[in-house]
Every structure is written in C-alpha cells, then in structure tokens.
Amino acid sequence: EIINQNLRDWYLKGLRGIERNNLTLEKLYNLKGAAGSTRNSLRKIVTFNPDSFTDLHPVVLSNPTTSSTLFPLKKGFFDIVIFDEASQLRIEETYSSVFRGKTVIVSGDSQQMPPSSYFESNKNLIDESDNEDENIEIDDKIGNDSSIDMATKESLLDWAIDEGYKETYLDMQDRKSTRL
C-alpha cells in the first residue's frame, strides 16, 4: 500500500510539473496522434522537462549508450544507477551513466571474460580526431576527477573494485521448494 501511494505521489508530482508549463500529458506525449502528426520522440519529452519525466517514470531501464543520448549530462540526475554484468562493460562507455547517478551499484563476476570488440565492425569504431570538440565539451561538464583512472581499467567492474566499492556476494542457500 505504501509503495502504491509513493507511485501515485510521484505521478501526480510529474503531472503538476507538466501543467506548470501550460501543457497536458496528452499534448506532451502527443497521445492523440493528430492527423499527419507523429508522436513526440522520447528525447524531446525528456528534454522538455526532465524532472517531470523522472517523476512520471521513477524507474528507467536503459543501456549506457541510450542513457547518454536521452538524459541530460547532469551530476546526480538519477537517484540510483545499477549496472549488471559489469565485467562485460567498458568503463569509457559507462562513465557518463556513472556520473548521472547519486548512488551507483555495480554487479558482476570477475571470473567472466572482459569486454570484447570481436563483433564490432570497423564502421562502428570511433575516430578520436573526429570527436575532439565533443570530448572537450564533455570534459568541461563532468570535470576531470583525478581519482578516476579510466585508461588503465578494462571493465566497469575492474574500475569499481579499484575505486574501493564495497563488495558483497549473493547468498544462495538451498531452499526446499513446496508444491501446491
């Protein structure tokens, strides 16, 4: 019951945020799909009012790349950011998501294979010289934290362990299953 009340409160807070901008939920999301018009993109909806979006949608499932393109590069934008299979994630692809979280949970198994570029094609590889201006702009926004030595870490899990994240392990106990 408490969870349902919290979700209702978040949702109503998001609606009030949209209404403060003289807009309705139907107009923002273009739910009517008026003749000839397309629905608003998720990026446009998030950009319009990020706080209302997160109030309306308190849980967002996203990969790091999508998160980087949709959500503002704002320190602590999310309350909690959770990474699963962190041994498979490159730190350079996840850093902006780490930056967006007030609390970061990194889950992984150090015995798994590290990230691989085996399935990438040459077309998908980033040419550093083409993105120098973008890199400068991002560095200005997030700062240069000397405690983060991304260059020497292969995976997000390696980085988290070296940064001193608290390690805990899953507690798997045998439990008798009951038949109904």
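Using a 1.4 Å probe over the heavy atoms of the protein chains, calculate the carbon and sulfur portion of the accessible area of region 40-99 as a whole percent.
Details: 1800 of 3240 Å².
Carbon-and-sulfur percentage of accessible area, whole number: 56.
Leaving out ligands and nucleic acids, note down the accessible area per residue over region 1-76 with a 1.4 angstrom probe, in whole Å².
Working: 5440 Å² over 76 residues.
Counting only protein heavy atoms, the per-residue value for region 1-76 is 72 Å².
At 7 Å along the Cα-to-beta-carbon direction for both Glu92 and Glu167, put a label point, then send me their distance in nm to one decimal.
Distance between label points: 2.7 nm.
Evaluate E = 1/(1 + (r/R0)^6) for Leu23 and Thr69, where r is the Cβ-Cβ distance and R0 equals 22 Å; express this FRET efficiency to the nearest 0.05. List each step's numbers first, then the result.
Numbers: r = 23 Å, r/R0 = 1.06.
With a Förster radius of 22 Å, E is 0.40.
Want the number for Ile82 to Val60: 0.36 nm per residue separation, take away the alpha-carbon distance, what's left? Walk me through the intermediate numbers first.
Values: separation 22, 0.36 × 22 = 7.92 nm, distance 1.05 nm.
Separation in residues times 0.36 nm, less the Cα-Cα distance, equals 6.9 nm.
The values are calculated or read from the model by the stated rules, or taken from the named source; none is laboratory data. Please read these numbers as outputs of a predicted model, since none were measured by experiment. As a convention, Cβ positions derive from the backbone with ideal geometry for all residues, glycine included, and neighbour counts pool all protein chains shown. Ligands, DNA and RNA are stripped out before the accessible areas are found, and what is left, the full protein with its side chains, is counted by its heavy atoms. Shrake-Rupley method; radii C 1.70, N 1.55, O 1.52, S 1.80 Å.
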